[in-house]
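Novice: Provided herewith is a single structure, encoded as structure tokens, for subsequent inquiry.
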Amino acid sequence: MTRYFEVVKRDGPARIGRLLLEKRVETPYILRSDLLEKGEGDLPELIRGSVIPWDISQDELPEGDLFTLRSAKLLARDSKRLVRVITGIREVIPPDTALYTPALATPTNLALLVYLGVDIVDDIIPTIRSYQGVYLTRDGEIAISRLKSPLCSCEICSNHSIDEMRDDTSCKLLLSHNLATFNEELRVIYHRIENGMIREYVEYKCRLDPYLTEALRLLDAGSSYLERRTPAGRRTPLIVSSIESLDRIEVRRFIERVRVRYTPHSGVLLLLPCSRRKPYSISKTHRTIIDVIRKRRAGLHEVILTSPLALVPRELELVYPAAHYDTPVTGRWFEEELNLVRRALASLLDRGSYTDMIVHVGGDLMDLCREVGELFGLDVHVTVKDGSELSHESLESLRSKVFELVSPGSPPILTRYDIISDTLDYQFGPGAGRLFLREDAEIKGRIQSCSIYERGGRVLLGRMIPDYGFIALTPEGAERLRDHGSYQVKIGDFVPKGSILAPGVISADHGIRPGDEIIILGDGLIGTGKAVMSGWEMERATRGVAVMVRSVKEVY
């Protein structure tokens, strides 16, 4: 059981934590090597008794709040071994313990180390570089002999010339600059974790060094480590700006859930382009298209083709990250992006019951859609005539084809109940929507912020959360999903108020991720809340908040 360390904020494997010693230490933390040598404070004492080898097992693991990785400096510049060792150690040691990697960190690789799960580093490498005459920046290192003027505005660089720094035989000036740069990088990383944007920052840093790029790609390839720690949603946009972004857990998770948890509809399928503004239906592009097909729109099933999410059914356009991503739009597609769309569209057609497919997308996607549609024996109708989906000729072609294929008064393919049902299936797994939306359910308000009641409006079952498009349940709504069995946390014999700490959790669904809406089950009570930890972490951790409670009621 940990006594001193507690994680207070998570962004994937990266964490903000605190060691509650005589002097509180907030992580990520840079340990000063001069203090470590002197043995001042509680931290050096914790470190000395916590050294572990790379291949330690859980049975061999000593008790403690902090673990020091032996010979961590040998992992430098070896991306394969770095990823394998750090992720392996993090899976072995308890989640509410800190990991220290001595003599490994620099301003350039610090973000990656923190993203891997390292909590404490030291300034040994920046100190050595100072005595070697190397000027550190947050983006790399330069021999001070090659500089004509300082590159930053720290106190040293603002008050001393490069000649003074170069001629300082004690290296104190250069060391002070290098340590200031190192600490500035730490502050930026801390801010990124606080705001849920560490992944975007790591992708940026990886552009600076092939070794870092290789490490990130290897980390993504072994995606179970990241998947178990990546939140279900966040308030900040998902920035997709590099080829590495295609392998993000949020992207893979969305594509996989659409493939496994989503049930396609039938009738006439309309494939549409994505738009910069989200959700798509409020964009100028989609509003223009909707106006053209409005009179027969009910008889169409609309699906948006996009990178990096491959395809987004209209009824899931509010769900994170479909309404929360931003990506460069050039009209040109990488082969990796086309392959994502190709596989996702094939899966949709294989599971759906469509009679015709209208393709209102241009460019590279037009031929791809025709190829996949014909493979499944569908009648494929391409309505983009001159490369632009919004040209008068293309819109008139779309209107004509829709009016030809969809009869007036056709029953709607997609209703408000379908949107809520498909969202619940996406959140909790197949069948959740059907269990929740019995014949007495009633949906009120705009769909983006709707409330679901028992018919008659007396008992609230749940609400759509506009920030990330999930349904937040009430205890009455949770009762409807109790037999579904997923996203449930069982607690001890107490009535939770405000939050549930990890020691109060008896068991938790291992599919739960931070940010998930969950069902709380206790002795004679049922409640709802939002996960702060993943389900597996709730079971293993001995400190920290596991669930933020929304509401609880007693049941008999």
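Novice: Those residues that are modelled with pLDDT of 95 or more, outside any strand (DSSP E or B) and among the polar types (S, T, N, Q), I need them from segment 532-555; list them, please.
Specialist: The one that is modelled with pLDDT of 95 or more, outside any strand (DSSP E or B) and among the polar types (S, T, N, Q): SER534.
Novice: Taking segment 96-120, which residues are under 25 Å from the mean Cα position of the chain (by Cα) and over 22 Å from LEU218 (Cα atoms)?
Specialist: ASP96, THR97, ALA98, ILE120
Novice: So which residues in segment 355-365 are buried (at least 19 other Cβ atoms within 10 Å of the Cβ) and either under 13 Å from LEU270 (Cβ atoms) or over 29 Å from the mean Cα position of the chain (by Cα) (or both), if there are any at all? Spell out the reasoning first.
Specialist: Of the residues in segment 355-365, the ones buried (at least 19 other Cβ atoms within 10 Å of the Cβ) are 357-362, 365.
MET357, ILE358, VAL359, HIS360, VAL361, GLY362, listed by residue number.
Novice: Scan segment 183-207 for residues that are touching a residue at least 40 places away in the same chain (Cβ under 8 Å) and farther than 13 Å from ARG10 by Cα and jot them down. Write out each step before concluding.
Specialist: First, the residues of segment 183-207 that are touching a residue at least 40 places away in the same chain (Cβ under 8 Å): 183-186, 188-190, 192-203, 205-206.
The answer is ASN183, GLU184, GLU185, LEU186, VAL188, GLU200, TYR201, VAL202, GLU203, LYS205, CYS206.
Novice: Name the residue, out of ARG253, ARG248, that is under 10 Å from the mean Cα position of the chain (by Cα) and surrounded by fewer than 18 Cβ atoms within 10 Å (Cβ to Cβ). Let's see the steps before the verdict.
Specialist: Working: ARG248 fails: surrounded by fewer than 18 Cβ atoms within 10 Å (Cβ to Cβ).
Within the list ARG253, ARG248, the selection yields ARG253.
Novice: Something else about it: Within the set of pairs 6 or more residues apart or between chains, which connect a residue that is over 17 Å from MET533 (Cα atoms) and charged (D, E, K, R) inside segment 485-500 to a residue that is at pLDDT below 95 and in a loop (DSSP other than H, G, I, E, B) with Cβ atoms less than 8 Å apart?
Specialist: ASP493/ASP523
For (1) in contact with a Ser or Thr (Cβ under 7 Å, 6 or more places away or on another chain); (2) within 23 Å of ASN109 (Cβ to Cβ), each residue gets a yes or a no:
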residue	(1), (2)
SER145	no, no
GLU155	no, no
PHE182	no, yes
TYR201	no, yes
ALA215	yes, yes
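Novice: Go over the candidates ARG70, ARG90, ARG15, ARG84 one by one and state the one that is crowded, with 22+ Cβ neighbours inside 10 Å and basic (Lys, Arg). Step through it out loud before you land on a result.
Specialist: Numbers: ARG70 fails: crowded, with 22+ Cβ neighbours inside 10 Å; ARG90 fails: crowded, with 22+ Cβ neighbours inside 10 Å; ARG84 fails: crowded, with 22+ Cβ neighbours inside 10 Å.
After applying the criteria, what remains is ARG15.
Novice: Right, here's the next one. Find the helices (runs of 4 or more DSSP H) located wholly in segment 155-209 whose residues include 1 or more that are in contact with an Asp or Glu (Cβ under 9 Å, 6 or more places away or on another chain) and surrounded by fewer than 18 Cβ atoms within 10 Å (Cβ to Cβ), and list them. Before you say what the answer is, go through the steps one by one.
Specialist: Details: elements: 155-159, 162-167, 172-194, 198-206.
Result: 172-194.
Novice: List pairs: first residue in segment 161-172 and under 14 Å from LEU147 (Cβ atoms), second residue in a helix (DSSP H, G or I) and among the polar types (S, T, N, Q) anywhere in the structure, Cβ distance under 7 angstrom, at least six positions apart or on different chains.
Specialist: ARG166/SER145
Novice: On to the next question. Do you know which residues across segment 142-173 are closer than 18 Å to ASP209 by Cβ and modelled with pLDDT under 95?
Specialist: Taking segment 142-173 and keeping what is closer than 18 Å to ASP209 by Cβ, we get 142-143, 151.
Result: LEU151, single match.
Novice: Restricting to segment 111-150, give me the number of residues that are out of contact with any strand residue (DSSP E or B) (no Cβ under 8 Å at 6 or more places or on another chain), charged (D, E, K, R) and either more than 30 Å from GLU91 (Cα to Cα) or in contact (Cβ under 8 Å) with a residue 60 or more places away in the chain (or both).
Specialist: The number of residues fulfilling the criteria is 3.
Novice: Further question: Is it the case that THR230 is β-branched (Val, Ile, Thr), surrounded by 20 or more Cβ atoms within 10 Å (Cβ to Cβ) and in contact (Cβ under 8 Å) with a residue 40 or more places away in the chain? I'd like the intermediate steps shown before the answer.
Specialist: Values: β-branched (Val, Ile, Thr): yes; surrounded by 20 or more Cβ atoms within 10 Å (Cβ to Cβ): yes; in contact (Cβ under 8 Å) with a residue 40 or more places away in the chain: yes.
Judged against the criteria, THR230 is a match.
Novice: Next question. Looking at ARG18, ARG90, ARG3, ARG10, can you tell me which residue is without any contact (Cβ under 8 Å) to a residue 60 or more places away in the chain and at negative phi? First the steps, then the outcome.
Specialist: Details: ARG90 fails: without any contact (Cβ under 8 Å) to a residue 60 or more places away in the chain; ARG3 fails: without any contact (Cβ under 8 Å) to a residue 60 or more places away in the chain; ARG10 fails: without any contact (Cβ under 8 Å) to a residue 60 or more places away in the chain.
Going through ARG18, ARG90, ARG3, ARG10 in turn, just one is without any contact (Cβ under 8 Å) to a residue 60 or more places away in the chain and at negative phi: ARG18.
Novice: Next question, about the same structure. In this structure, is LEU46 crowded, with 23+ Cβ neighbours inside 10 Å and either within 18 Å of LYS9 (Cα to Cα) or in the same structural domain as GLU214 (by TED's automatic domain parsing) (or both)?
Specialist: Numbers: crowded, with 23+ Cβ neighbours inside 10 Å: no; either within 18 Å of LYS9 (Cα to Cα) or in the same structural domain as GLU214 (by TED's automatic domain parsing) (or both): yes.
So LEU46 fails the test.
Novice: Do you know which residues across segment 237-274 are part of a loop (DSSP other than H, G, I, E, B) and over 23 Å from LEU349 (Cβ atoms)? Walk me through it before giving the result.
Specialist: Let us first name the residues in segment 237-274 that are part of a loop (DSSP other than H, G, I, E, B), namely 237, 240-242, 248, 261-265, 274.
Correct list: PRO237, VAL240, SER241, SER242, ARG248.
The values are calculated or read from the model by the stated rules, or taken from the named source; none is laboratory data. Only a predicted model underlies this, so the values are computations on that prediction, with no experimental measurement involved. Here the Cβ is made from the backbone with ideal geometry for all residues, glycine too, and neighbour counts use every protein chain on show.
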